[in-house]
Each structure stands twice: as C-alpha cells, then as structure tokens.
Amino acid sequence: QVQLVESGGGLVQPGGSLRLSCAASGFTFSIYAMSWYRQAPGKERELVARISSASGITYYGDSVKGRFTISRVNAKNTVYLQMNSLKPEDTAVYYCRAFRTLVSGGSDDYWGQGIQVTVSS
C-alpha cells in the first residue's frame, strides 16, 4: 500500500522557519522524483519545489527561491522541505508528491494527504 505522510506543519510567526517531512512507503522511493506543492484558500495548487530521483537536481518556484530548500534521504524514504524567512503568503496546505514516467508512456503519481502551514503573528 502506497503512503506519503507529511509532518512538521503548524503555526509560525513571519520570519520564522519550519521543516516539513514526507515519509514514503509502499513503493521504490529512490526512483521517483519528489515534489512539494501547496494550495492556499481560493487559489490553485502550485509547485513549490522538486527534486529528481537520481541526480538530485532541484527546481524551485519563483516565490520560494532563496528561502526554501528541498532535500531527500533515500535510505530513509523521506523528502524534506526546509522553509526559512516565512511570509504570511506562504500560508497554505502543503502536499508531497511522488512521480515517475513509465517506459510504457504512462506514469505513477502519488500524493500525500496534505499538511497545514500557517504564517501569522
């Protein structure tokens, strides 16, 4: 059974930091690209950061560049999102995603249940 379980969310003051974790199970974690998305009330879900499976190449959305860092530890089947210098506009539900493209042309696509991050004084 595939599971992606996010943790580490909560309430933080502007300028503060949080580290989200996503623990994966039920699939071969190391061969999947891992991503963090977020969705604020009334807005579309947006890509926050992505890390590739093999080379560890990262990508960040413009709104979080220089403040957030994505990383993964394949031995622990876990991906992290370190969030620094948090702003109220970072408030959203954050989702973990595992994705890979299959040789057949299809894909495997798994999502976590999401975790709330609230940045407020």
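The values are calculated or read from the model by the stated rules, or taken from the named source; none is laboratory data. Owing to the predicted nature of the structure, the values given are computational and were not obtained by experimental measurement. Because the Cβ atoms are built from the backbone with ideal geometry, glycine has one as well, and the counts that use them run over all protein chains shown. Remember, those area values only see protein heavy atoms, side chains included, never the ligands or the DNA or RNA. Shrake-Rupley method; radii C 1.70, N 1.55, O 1.52, S 1.80 Å.
Going by what's in this entry, would Arg72 be described as in a strand (DSSP E or B), under 12 Å from the mean Cα position of the chain (by Cα) and more than 17 Å from Thr118 (Cβ to Cβ)?
On the way: in a strand (DSSP E or B): yes; under 12 Å from the mean Cα position of the chain (by Cα): yes; more than 17 Å from Thr118 (Cβ to Cβ): yes.
Taking the combined requirement at face value, the residue satisfies it.
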Return the pairs, sorted by first residue and then second, in which the second residue is part of a loop (DSSP other than H, G, I, E, B), the first residue lies in region 57-68 and is over 12 Å from Met83 (Cβ atoms), the beta carbons are less than 8 Å apart, and the residues are 6+ apart or on different chains. Thr58/Ser52
Checking Gly56 against (1) assigned to a strand (DSSP E or B); (2) at pLDDT below 95, only one condition comes out false. Which one? (1)
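Would you mind finding the one in Ser17, Ser25 that is in contact (Cβ under 8 Å) with a residue 24 or more places away in the chain, under 25 Å from Glu89 (Cβ atoms), open to solvent by 30 Å² or more (accessible area, probe 1.4 Å) and of a type outside the set (D, E, K, R)?
Working: Ser25 fails: under 25 Å from Glu89 (Cβ atoms).
The unique qualifying residue is Ser17.
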So Thr91 passes all but one of these: (1) touching a Lys or Arg at 6+ places or on another chain (Cβ under 7 Å); (2) closer than 16 Å to Thr118 by Cβ; (3) of a type in the set (S, T, N, Q). Which condition number does it fail? (1)
Out of region 41-60, which residues are surrounded by fewer than 17 Cβ atoms within 10 Å (Cβ to Cβ) and either closer than 19 Å to Gly15 by Cα or of a type in the set (Phe, Trp, Tyr) (or both)? Tyr59
Collect the residues in region 69-85 that are free of Cβ contacts under 8 Å to residues at least 60 places away in the same chain and either surrounded by 14 or more Cβ atoms within 10 Å (Cβ to Cβ) or of a type in the set (Ser, Thr, Tyr) (or both), keeping them in residue-number order. Thr69, Ile70, Ser71, Arg72, Asn74, Asn77, Thr78, Val79
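Can you say whether Ser63 is outside any strand (DSSP E or B), touching a Gly at 6+ places or on another chain (Cβ under 8 Å) and hydroxyl-bearing (Ser, Thr, Tyr), as far as the supplied structure shows?
On the way: outside any strand (DSSP E or B): yes; touching a Gly at 6+ places or on another chain (Cβ under 8 Å): no; hydroxyl-bearing (Ser, Thr, Tyr): yes.
No.
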